[in-house]
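Q: Dropping the structure in here first, questions after.
The values are calculated or read from the model by the stated rules, or taken from the named source; none is laboratory data. What you are looking at is a predicted structure, and each value in this text was computed from that prediction instead of being measured. A quick note on method: Cβ atoms are made from the backbone with ideal geometry, for glycine too, and the neighbour counts reach across all protein chains shown. The protein model used for the area step is the full one, side chains on, heavy atoms only, and it has no ligands, DNA or RNA in it. Shrake-Rupley method; radii C 1.70, N 1.55, O 1.52, S 1.80 Å.
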Amino acid sequence: MSKKIIDFEQLKEQCDEFETIKLLSEEGKIIDPEWQPDLSDEELIELFKQMLWSRTLDTRSTKLNRQGRLGFYAPTAGEEASQIASNFAMEKEDFVLPAYRDVPQLVQHGLPLYKAFLWSRGHVDGNKYPADFNALPPQIIIGAQYVQAAGVALGFKLKGQKNVAYTYTGDGGTSQGDFYEGINFAGAFQAPAVFIVQNNGFAISVPREKQTAAKTLAQKAVAAGIPGVQVDGMDALAVYEVTKAARDFAINGNGPVLIETLTYRYGPHTLSGDDPKRYRTKETDDFWREKDPLVRMRKFLIAKDLWSQEQEEKYVEEVKTEINEAIDKVENMPQQKISEYLKNTFEEVPANIQAAVEYYEAKEAK
Amino acid sequence: MAKKTMIKAITEALDEELARDEKVLVFGEDVGKNGGVFRATEGLHEKYGNERVFDTPLAESGIGGLAAGLALQGFRVVPEIQFFGFVYEAMDEIAGHISRMHFRLGGTRKMPVTIRAPFGGGVHTPELHADSLEGLVAQMPGLRVVIPSNPYDAKGLLISAIRSNDPVVFLEHMKLYRSFKEEVPEGAYTVPLDKAQVALEGTDISIISYGAMVRESLKAAQKLAKQGIKAEVVDLRTVSPIDEETILASVKKTGRVVIVQEAQKQAGVGAQVAASIAEKGILYLEAPIGRIAAPNTPYPFSEAESAWLPNKQDIIDKVKENINF
């Protein structure tokens with residue numbers, strides 16, 4: 001028998017060699033003594049406040065949905081480190097392309113909260129974005145934002161602007177053709193994009209293991225010739241650090257980065273009838289709740305004497321007031337008009353649309 | 001003025017707009033150094049450089065997403081889908097996103113995207129190259145669908161499409177690319193979108209068509225004229241939304257109509273034209289609406305094309321049937 005020239009078993013093992021970056025332990029302690037966060041005390045407090053804001057918003061949004069005051073809602077609790085800390089690494093001039101669960105990032109990037117509520121309720125005014133707000137509304141079609149992010153990123157490159165397009169999808173999203181096309185296009189053009197995969201373990205009910213034979217989602221970057229990294233998505237400091245480094249890498253002309261955050265949503269997929277008990281166990285829920293991103297960040301800040309229970313209670317009240325004001329505002333919005341819808345369908349309105357505008361305007365005037 | 005092919009007219013339109021507006025970008029599979037598989041972008045990569053005219057990886061949805069993202073960044077983009085039969089791969093970006101963007105953002109963002117693609121039968125291509133899929137995109141609100149029938153219109157319509165702040169699907173019939181030449185002026189000029197054109201005036205019957213079937217209709221009209229039937233030929237040019245005013249004016253004048261399309265009969269542009277006439281002009285008619293279209297099968301194996309595609313004789317026969325009704 002001649003020499004064996006290829007060992008597929010070994011090659012298969014090699015594909016899966018990806019480590020998970022963790023910086024803050026579940027006890028709120030920095031794991032590597034040689035590493036310190038590159039954030040001031042004020043910034044650390046601000047990061048935690050945004051996470052707390054997101055958790056409070058999630059609790060309130062769930063209630064508002066049950067009361068019929070809010071429409072479509074995809075719960076976010078559990079994903080605060082993944083969502084907020086990644087967004088925290090970005091600048092106002094960066095362009096965000098969120099998915100439907102990524103409303104917290106959109107608001108922290110500059111969307112007034114009442115507009116997010118309007119989007120949830122199904123009112124066009126929620127999607128009327130000021131010219132200097134660099135974002136798209138949450139994407140419903142899984143993965144579509146990935147190919148668009150490649151285009152936005154190439155736009156930055158062609159304009160010579162040092163900013164990134166950053167976009168989110170979930171573990172299920174990485175099975176879409178658009179996921180591969182998006183990271184591949186951005187790689188081919190060396191465009192400044194940061195692709196974030198929030199792996200919360202389930203695409204509605206289908207577990208991560210059924211999506212792919214790949215052990216990590218980060219390794220999908222390899223085939224596109226771009227760096228991929230897996231990070232503890234319950235660890236805000238790790239998510240921030242990795243995202244910030246990815247942004248710096250991308251704006252300096254090195255092309256895109258793929259980040260996989262390991263996270264968990266405590267609630268259902270959406271509030272539209274999903275029951276996670278059909279596909280998840282209590283043991284799995286408990287396993288992840290012990291890793292709660294707020295708990296460990298709070299412990300970290302309290303140990304540094306940067307946060308207290310009193311501060312937290314006061315801040316949560318402020319957030320509740322902000323939410324109440326925003327929801328009151330959307331309940332008094334003018335009714336939407338079909339004539340306006342028609343006018344928005346094209347910028348240069350064709351004759352058949354104009355005729356319909358006149359028909360609906362007459363109807364609406366009655 | 002010089003006589004030019006339609007493909008040359010299209011290259012000139014792209015060249016004019018690239019020169020006029022530095023925000024114009026042209027991209028797609030093989031459009032760069034190779035100048036496109038039909039040479040529509042011949043010489044443009046060399047002239048405008050790789051940042052303005054460039055090759056993309058081979059993925060139509062990626063091309064659609066790139067177009068949407070670049071348009072959001074303020075560029076005026078002209079992506080090419082190499083053959084329109086490949087559009088299914090890009091359908092989500094075109095129908096789900098590009099066509100809806102202006103509406104979805106409440107009018108706060110523009111989508112100046114002109115998606116060019118060759119299509120059409122009679123040139124013996126492999127599967128899914130020749131299909132007439134304009135009916136699919138014609139159903140998308142927010143999208144204009146333009147199909148020129150000659151070199152002059154191709155240049156002027158493409159310039160109008162590129163300058164439009166709304167998305168346009170611009171379909172170029174492959175059989176028209178090089179089959180004849182026509183006077184095409186130097187420099188930029190526009191032919192209006194949303195406007196049909198009376199390609200030939202007549203009084204006895206209206207033949208309403210678009211794309212390569214306008215040529216067949218004109219040939220049929222010539223032959224009919226020799227037999228004493230004066231047919232009017234209307235070229236839709238923009239097939240969605242259709243120009244009802246021109247259609248109805250012609251039908252009112254002639255009292256008879258035959259609608260001709262290369263696409264399969266079901267649920268397409270011809271059906272929309274027929275519906276508009278039925279809705280707004282039925283009392284002008286002295287005979288039922290006549291329709292010429294391809295049969296409702298998938299596009300045929302190429303050796304059967306000539307039997308499958310509608311032709312001049314089909315039009316002549318249908319016109320006579322209508323006149324003798």
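Q: Given the conditions (1) within 17 Å of the chain's Cα centre (by Cα); (2) surrounded by 23 or more Cβ atoms within 10 Å (Cβ to Cβ); (3) within 8 Å of chain B (Cβ to nearest Cβ), report the number of the one that residue A:137 does not fulfil.
A: Of the numbered conditions (1) within 17 Å of the chain's Cα centre (by Cα); (2) surrounded by 23 or more Cβ atoms within 10 Å (Cβ to Cβ); (3) within 8 Å of chain B (Cβ to nearest Cβ), the odd one out for residue A:137 is (2).
Q: For the stretch B:261-300, what are the residues that are in a helix (DSSP H, G or I) and under 17 Å from the mean Cα position of the chain (by Cα)?
A: B:269, B:270, B:271, B:272, B:273
Q: So which residues in the stretch B:44-64 are within 29 Å of residue A:141 (Cβ to Cβ), among the polar types (S, T, N, Q) and either more than 7 Å from every other protein chain (Cβ to nearest Cβ) or open to solvent by 10 Å² or more (accessible area, probe 1.4 Å) (or both), if there are any at all?
A: Listed by number, the list holds a single entry, B:56.
Q: Of these, B:53, B:31, B:37, B:24, which one is in contact with a helix residue (DSSP H, G or I) (Cβ under 7 Å, 6 or more places away or on another chain) and under 21 Å from residue B:86 (Cβ atoms)?
A: Only one candidate passes the filter, namely B:53.
Q: Considering only residues that are over 22 Å from the mean Cα position of the chain (by Cα), facing chain A (nearest Cβ under 8 Å) and touching a residue at least 24 places away in the same chain (Cβ under 8 Å), which ones fall in the stretch B:92-114?
A: B:102, B:103, B:109, B:110, listed by residue number.
Q: Then there is this: I want to confirm something. Restricting to the stretch B:65-89 and keeping residues that are part of a helix (DSSP H, G or I) and more than 7 Å from every other protein chain (Cβ to nearest Cβ), which single residue is farthest from the chain's Cα centre (by Cα)?
A: So the residue we want is B:71.
Q: Quickly run through the stretch B:115-138 and pick out the residues that are without any contact (Cβ under 8 Å) to a residue 60 or more places away in the chain and either more than 14 Å from every other protein chain (Cβ to nearest Cβ) or open to solvent by 10 Å² or more (accessible area, probe 1.4 Å) (or both).
A: Answer for the stretch B:115-138, where residues must be without any contact (Cβ under 8 Å) to a residue 60 or more places away in the chain and either more than 14 Å from every other protein chain (Cβ to nearest Cβ) or open to solvent by 10 Å² or more (accessible area, probe 1.4 Å) (or both): B:117, B:119, B:123, B:129, B:136.
Q: Mind telling me which of the residues B:62, B:36 ends up being in a loop (DSSP other than H, G, I, E, B) and not hydrophobic (A, V, I, L, M, F, W, C)?
A: Answer to the check: B:36.
Q: Further question: Sort out which residues of the stretch A:335-360 are surrounded by 14 or more Cβ atoms within 10 Å (Cβ to Cβ), facing another protein chain (nearest Cβ under 10 Å) and charged (D, E, K, R), and write them in order of number.
A: Passing the criteria: A:340, A:343, A:347.
Q: Sticking with this structure for a sec: Which members of the stretch A:40-50 meet the condition of being open to solvent by less than 50 Å² (accessible area, probe 1.4 Å) and touching a Lys or Arg at 6+ places or on another chain (Cβ under 9 Å)?
A: A:44, A:48 - these are the residues of the stretch A:40-50 that are open to solvent by less than 50 Å² (accessible area, probe 1.4 Å) and touching a Lys or Arg at 6+ places or on another chain (Cβ under 9 Å).
Q: Another question, if that's okay. Does the stretch A:62-80 contain any residue that is farther than 28 Å from residue A:145 by Cβ, without any contact (Cβ under 8 Å) to a residue 24 or more places away in the chain, assigned to a helix (DSSP H, G or I) and open to solvent by 10 Å² or more (accessible area, probe 1.4 Å)?
A: Within the stretch A:62-80 (the criterion being farther than 28 Å from residue A:145 by Cβ, without any contact (Cβ under 8 Å) to a residue 24 or more places away in the chain, assigned to a helix (DSSP H, G or I) and open to solvent by 10 Å² or more (accessible area, probe 1.4 Å)), the answer is yes, since at least one residue qualifies.
Yes or no, residue by residue, for (1) of a type in the set (Val, Ile, Thr); (2) in contact with a Leu (Cβ under 7 Å, 6 or more places away or on another chain); (3) surrounded by fewer than 22 Cβ atoms within 10 Å (Cβ to Cβ); (4) modelled with pLDDT of 95 or more:
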| site | (1), (2), (3), (4) |
| --- | --- |
| A:163 | no, no, no, yes |
| A:203 | no, no, yes, yes |
| A:210 | no, no, yes, yes |
| A:219 | no, no, yes, yes |
| A:236 | no, yes, no, yes |
| A:251 | yes, no, yes, yes |
| A:254 | no, no, yes, yes |
| A:272 | no, no, yes, no |
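Q: Then there's this: Specify which of the listed residues (A:179, A:156) is under 20 Å from residue B:67 (Cβ atoms) and more than 10 Å from chain B (Cβ to nearest Cβ).
A: Only one candidate passes the filter, namely A:179.
Q: While we're looking at this one, here's another question. So, in the stretch A:115-129, of the ones that are over 25 Å from residue B:25 (Cβ atoms) and part of a loop (DSSP other than H, G, I, E, B), which residue ends up farthest from the other protein chains (Cβ to nearest Cβ)?
A: It comes out as A:122.
Q: Here is a check on your reading of the model: is residue A:274 out of contact with any Cys (no Cβ under 8 Å at 6 or more places or on another chain) and part of a loop (DSSP other than H, G, I, E, B)?
A: yes
Q: Further question on the same structure: Suppose we filter the stretch B:139-158 for residues that are within 17 Å of residue B:269 (Cβ to Cβ) and open to solvent by 10 Å² or more (accessible area, probe 1.4 Å); how many remain?
A: 3
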